[in-house]
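Novice: What follows is a structure written as C-alpha cells; I'll ask about it next.
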Amino acid sequence: MGGFFGTALKEDCVFDLFYGTDYHSHLGTRRAGMVVYDQKNGFNRAIHNIENSPFRTKFTNDVQDMSGNMGIGCISDYDPQPLIVRSHHGTYAICCVGRINNSDELLDEIFGGSQSHFLEMSGGEVNKTELVAALINQRDNLVDGIRYAQDKINGSMSMLLLTPAGLYCARDKLGRTPILIGKKETGYCATFESFAYIKLGYTDCRELGPGEIDVITPDGCAVLAAPGTKMRICTFLWTYYGYPPSNYEGVNVEAMRYRCGEYMAERDPLSKEDIDAVAGVPDSGLAHAIGYANRKHVPYTRPFIKYTPTWPRSFMPTMQTKRNLIAKMKLIPVRELIENQRLLLIDDSIVRGTQLRETSDFLYESGAREVHVRPACPPIMFGCKYINFSRATSDMELIARRIIAQEEGSDVDRVILDDYANPDSSRYAAMVEKMREQMHFSSLRFNRLDDTVKATGLDADKLCTYCWNGRE
C-alpha cells in the first residue's frame, strides 16, 4: 500500500508537508520521501528507509534544511519515492500509489520504441514510479501523459506531480484509491487520507472523481480533466486500511466499521447468553467489535493490548516469519479478562490464517473457555490486483483457496469458485467449517458481502470487491 500528501501555499509549506506525510505512516513502513520546491533554489528532496524507525525520526534533520511553498511527500511499502524527473516537460517530482501488473510488457514497449534506460534497484526490479514517469513522458503535455500512463497500466495508479507551475493531482481511472483536496487561507493540499489535513488548519474542498486530474496552486484548484462515470473504490479501505477519522466518498471509516459490527450481530445466531464478552483485534478490529457488542448488548472488553511503542505493523516486514513473530509478540494478554471467559473475537479479515490462529491459541493458553471468531468481511478468495493489499504472490497463500484446493484440486473453474463465495451455498458452509477446525475456533462466521457493502452506504457497482468475489 502507501499514501501521499502534497501542498501548495503562499507561505513556506515544509511544516504542513512534514506532518501531512507523517499522518500516512499507517499505510506503509518501508520507504518515505519528501520534495519541496521554491523559485530560488528549485527542488530539494530527501528519501529514507523507515523500516526500523518512524518517519519523523528520519526526517527531523532534513526539514531544517528544506524550504519552499510547494511540496509532495510519500509513504511507501516498495519503491523509493518521490522521484525528480527531467524531461521535455521540464523538471518535475512525482510520487504514486497503486500497482502495475504489466511492468515487463510496458518496459519492452518503451525499449522497443527508443533508447531509453531505467535504473535497476537492488532487488533487480525497476522503480514503478520511474516507469510511470517514462510513460507520462511519451506524450507532449503532462495531462495527456498522465492519461496515457493510466490507460497503459494494468492495475491502478494515482499520482501527485510537483512542477514549478503547480501540483498536479491525478486519481486512478476507476478511483480505487482516493485523493481529497483541502483548503485554507494560505493555499491548498492534496491527500490520500482526509484526516491528515484537519489538524493543519485545512477544511474540505473537494474529492477527485475517478480519472480526474486537477492542479493546485497557492491561489486555487482547477480541474484539468473531468472525472469518469465508472468507479470501483476499494471496499477494504474502510474495512482495514483506512485510519478511523478518514472519509472516502463521504463515508467515514470508523462509522462504517461500527455498522459492519452491528450487521454481524443481527445475523449471528449466538445470543448474549452464549458469550461473556466481545473483543476486537487491535487496531482495525476494534470498531467492528464495539458495533457488534452494542447491538448484541454484550460487554466489550480488551483481553489483550497491542504494544505499539516499538513494534511496527505486522504485515510490513518482508519475511512472513518475521510478520508472524511480530504479530505474536505485540499482543499482550490481560489474563484477568480472559480466564474462564467465552470470548467472541472480531478481526478485520482472515487472509492466510496464521496470525488469528496464534491469537486464539494464546487466548486458550491464557485460560479462555471458548473463542468464537467473526471476521468483519467475507473470506478472501482472490489476491488483490490493484493496490498491493497483501504481499501474497499466489492465491494459494490464502487460507480459503488452500481449503478449496484440498476439496476440489488445484485447477478449479470459476463456477465452483463462485459457489464457494456464495454465503448461502453448501460449499461455502463446508469451507468455513474446515477453516474453523484448522484454526481451533469454537465457532466461525464471516460477515456477508451484502452487509459489508450495505455498511458503506454506497452502491455496490461503485465498489471494488475483487478480493472476495473476483468481480472486477
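The numbers here are math on the coordinates, done by the rules we state, and not lab data. Everything numeric here is computed off the predicted structure, so don't read it as measured data. Every residue, glycine among them, receives a Cβ derived from its backbone with ideal geometry; neighbour counts consider all protein chains shown.
Novice: State, to one decimal in nm, how far the label point of ASP140 lies from the label point of ASN154, with both points 7 Å from Cα in the Cβ direction.
Specialist: Between ASP140 and ASN154, the simple spin-label model gives 3.1 nm.
Novice: In the structure displayed, which of LYS330/LYS454; LYS10/LYS184; LYS58/LYS183; LYS230/LYS454 lie more than 22 Å apart, Cα to Cα? Please list the in-between numbers first.
Specialist: Details: LYS330/LYS454 33 Å; LYS10/LYS184 10 Å; LYS58/LYS183 28 Å; LYS230/LYS454 19 Å.
Long pairs (Cα-Cα over 22 Å): LYS330/LYS454; LYS58/LYS183.
Novice: Please compute the modelled spin-label separation between LYS10 and VAL334, points set 7 Å along Cα→Cβ, answer in nm with one decimal.
Specialist: In this crude label model, VAL334 to LYS10 measures out at 5.0 nm.
Novice: Now for a separate question. Given PHE118, PHE55, CYS96, which one lies farthest toward the positive end of the charge dipole of the chain, if we put +1 on the Cβ of every Lys and Arg and -1 on the Cβ of every Asp and Glu?
Specialist: PHE55
Novice: With a Förster radius of 30 Å, plug the Cβ-Cβ distance of ALA165 and ARG471 into 1/(1 + (r/R0)^6) and report the FRET value to the nearest 0.05. Working shown, then result.
Specialist: Numbers: r = 40 Å, r/R0 = 1.35.
After rounding, the FRET efficiency stands at 0.15.
Novice: Taking only Cα atoms, what is the 0 to 90° angle, nearest 10, from helix 253-267's long axis to the longest principal axis of the chain?
Specialist: Here the helix axis deviates by roughly 20 degrees.
Novice: Please check which bits of the stretch 425-449 a label hung off SER271 would reach, taking the label as a point 7 Å along Cα-to-C-beta and the cut-off as backbone N under 19 Å.
Specialist: Answer for the stretch 425-449: 443.
Novice: Under unit Cβ charges (Lys, Arg +1; Asp, Glu -1), what dipole magnitude, rounded to 20 debye, does the chain have relative to its Cα centre? Before the final figure, lay out each step's value.
Specialist: Working: 54 positive and 61 negative charges, 136 e Å.
Computed about the Cα centre, the dipole is about 660 debye.
Novice: Packing-wise, with mean Cβ within 10 Å as the measure, how do 269-276, 350-357 rank, highest first? The partial results should precede the final answer.
Specialist: Values: 269-276: 13.8, 350-357: 20.2.
Listed from highest to lowest mean packing, they are 350-357, 269-276.
Novice: Now, a different point. Bin width 10 Å, alpha-carbon pairs only: give the P(r) of the chain as whole percents, running from 0 to the bin holding the largest distance.
Specialist: 4, 20, 29, 25, 15, 6, 1, 0
Novice: Of the options THR359, LEU331, ASN447, report the single residue whose Cα projects farthest towards the positive end of the charge dipole of the stretch 251-469 (beta-carbon charges: Lys, Arg +1; Asp, Glu -1).
Specialist: LEU331
Novice: Can you give me the distance in nm between label points at ASP424 and GLU408, each placed 7 Å from the Cα along the Cα-to-Cβ direction?
Specialist: Here the modelled spin labels are 1.9 nm apart.
Novice: Mind pulling the per residue volume of the convex hull built on the Cα atoms of the stretch 61-163? Å³ is fine. Walk me through the intermediate numbers first.
Specialist: Values: hull volume 12.4 nm³, N = 103.
Cα-based convex hull of the stretch 61-163, divided per residue, equals 121 Å³.
Novice: Right, something else. Among residues other than MET66 whose Cβ falls under 10 Å from its Cβ, what is the net charge (Lys/Arg +1, Asp/Glu -1)? Numbers along the way, then the final one.
Specialist: Values: positive: ARG45; negative: ASP12, ASP38, ASP62, ASP65.
Combined, the nearby Lys, Arg, Asp and Glu give -3.
Novice: For the chain, what is the relative contact order in percent, using Cα pairs closer than 8 Å and at least 6 residues apart in sequence?
Specialist: The value is 12 percent.
Novice: How far is helix 320-329 tilted off the main Cα axis of the chain, in degrees rounded to 10, range 0 to 90?
Specialist: 60
Novice: Determine the dipole magnitude for the stretch 2-230: charges of +1 sit on the beta-carbon of Lys and Arg, -1 on that of Asp and Glu, nothing else is charged, the reference point is the Cα centre, and the result goes in debye to the nearest 20.
Specialist: 300
Novice: Report the extension gain between LYS40 and ASP450 in nm, rounded to one decimal, defined as 0.36 nm multiplied by the number of residues separating them, less their alpha carbon distance.
Specialist: Gain in length upon complete extension: 142.1 nm.
Novice: Can you pull out the trypsin sites (Lys or Arg not before Pro) in the stretch 1-67 that DSSP calls coil and that have at most 13 other Cβ atoms within 10 Å? Before the final figure, lay out the partial values.
Specialist: Values: sites: LYS10, ARG30, ARG31, LYS40, ARG45, ARG56, LYS58; in loops: LYS10, ARG30, LYS40.
Qualifying residues, ordered by number: LYS10, LYS40.
Novice: Order by neighbour count: SER103, SER425, fewest other Cβ atoms within 10 Å first, most last. Could the numbers behind the result be given before it?
Specialist: Values: SER103 16, SER425 13.
Ordered by Cβ neighbours within 10 Å, fewest first: SER425, SER103.
Novice: Between HIS88 and ASP283, what length in nm is gained on full extension when 0.36 nm per residue of separation is reduced by their alpha carbon distance? Don't skip to the end; give the middle numbers.
Specialist: On the way: separation 195, 0.36 × 195 = 70.20 nm, distance 4.61 nm.
Net length gain for the segment: 65.6 nm.
Novice: Here is a further query. Tell me which trypsin sites (Lys or Arg not before Pro) from the stretch 135-190 have a DSSP coil assignment and no more than 16 other beta carbons within 10 Å of their own. Don't skip to the end; give the middle numbers.
Specialist: Numbers: sites: ARG139, ARG147, LYS152, ARG171, LYS173, ARG176, LYS183, LYS184; in loops: ARG139, ARG171, LYS173, ARG176.
Here the trypsin sites (Lys or Arg not before Pro) that fit, given the DSSP loop and packing criteria, are ARG139.
Novice: Determine, from the Cβ-Cβ distance of SER53 and ASP219 and an R0 of 41 Å, the FRET efficiency 1/(1 + (r/R0)^6), rounded to the nearest 0.05.
Specialist: Details: r = 37 Å, r/R0 = 0.91.
The calculated FRET efficiency here is 0.65.
Novice: Can you give the angle from 0 to 90° between the axis of helix 103-113 and the longest principal axis of the chain, with both taken from C-alpha atoms, to the nearest 10?
Specialist: The angle comes out at about 20 degrees.
Novice: Turning to a different aspect of this structure: Once fully extended, how much extra length lies between ALA226 and HIS440, figured as 0.36 nm per residue of separation less the alpha-carbon to alpha-carbon distance? Each step should come with its number before you reach the end.
Specialist: Values: separation 214, 0.36 × 214 = 77.04 nm, distance 5.15 nm.
Length gained, ALA226 through HIS440: 71.9 nm.
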